[in-house]
1. Collect the residues in segment 99-113 that are over 11 Å from residue 68 (Cβ atoms), in a loop (DSSP other than H, G, I, E, B) and touching a residue at least 12 places away in the same chain (Cβ under 8 Å), keeping them in residue-number order.
2. Could you list all residues from segment 29-43 that are in contact with a helix residue (DSSP H, G or I) (Cβ under 9 Å, 6 or more places away or on another chain), open to solvent by 60 Å² or more (accessible area, probe 1.4 Å) and not in a loop (DSSP other than H, G, I, E, B)?
3. Restricting to segment 89-113, give me the number of residues that are surrounded by 13 or more Cβ atoms within 10 Å (Cβ to Cβ), of a type in the set (Ser, Thr, Tyr) and out of contact with any helix residue (DSSP H, G or I) (no Cβ under 7 Å at 6 or more places or on another chain).
4. Could you give every pair whose Cβ atoms fall below 9 Å, whose first residue belongs to segment 31-57 and is under 24 Å from residue 74 (Cβ atoms) and among the acidic types (Asp, Glu), and whose second residue is at pLDDT 95 or above and open to solvent by less than 30 Å² (accessible area, probe 1.4 Å), counting only separations of at least 6 or pairs across chains?
5. Every residue in segment 114-137 that is in contact (Cβ under 8 Å) with a residue 40 or more places away in the chain, surrounded by 15 or more Cβ atoms within 10 Å (Cβ to Cβ) and outside any helix (DSSP H, G or I), please.
Amino acid sequence: MSQHKVVLLLGSNLGDRKKNLETAIKKLEEAGNEILKISEFLTSEPVEFASSNIFCNIALIIFTDLSPVKLLEHIKSIETEMGRTNDSKVSGGYTDRVIDIDIVTFNGLKFSSERLEIPHQKHLFEREFSKILLKDFI
């Protein structure tokens, strides 16, 4: 199986935010993904919705055997398992969340479907917190 180099962004603004991020990283690793690099934690205001809950964010570089769609399915299962009930792609809007995991890049691949766009344009070009986290990753 080939190893794909993937950049992920994780965020949490409910509960113990850092613990949520650490739990998600552990779950990614337990599924056979190799964690290559982890950024520092960064706090940020919510983007594209109003909330008084501040986000804690982190960027990762992983190696995975999974395809983009299979990785997305795995990420969504982690989010659900950790208590996330609202998927912004499904609902059409953002809300507070225990965990959010986004695929930013995947081996330089360009991919677009109803549920997934790679590279993740908003993280790469629009969101300031993302640019800070990704400066040493992309």
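1. 99
2. 38, 43
3. 2
4. If the second residue must be at pLDDT 95 or above and open to solvent by less than 30 Å² (accessible area, probe 1.4 Å), the pairs left are 34/62; 34/64.
5. Across segment 114-137, the qualifying residues are 116, 118, 120, 127, 137.
Residues are listed down the side, and each one gets a yes or a no for (1) assigned to a helix (DSSP H, G or I); (2) buried (at least 17 other Cβ atoms within 10 Å of the Cβ); (3) touching a Lys or Arg at 6+ places or on another chain (Cβ under 6 Å); (4) at pLDDT below 95:
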{"site": "24", "(1), (2), (3), (4)": "yes, yes, no, no"}
{"site": "27", "(1), (2), (3), (4)": "yes, yes, no, no"}
{"site": "50", "(1), (2), (3), (4)": "no, no, no, yes"}
{"site": "59", "(1), (2), (3), (4)": "no, yes, no, no"}
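The values are calculated or read from the model by the stated rules, or taken from the named source; none is laboratory data. All values derive from a computational prediction rather than experimental measurement. In this analysis, Cβ positions are derived from the backbone assuming ideal geometry, glycine residues included, and neighbour counts consider all displayed protein chains. Ligands, DNA and RNA are stripped out before the accessible areas are found, and what is left, the full protein with its side chains, is counted by its heavy atoms. Shrake-Rupley method; radii C 1.70, N 1.55, O 1.52, S 1.80 Å.
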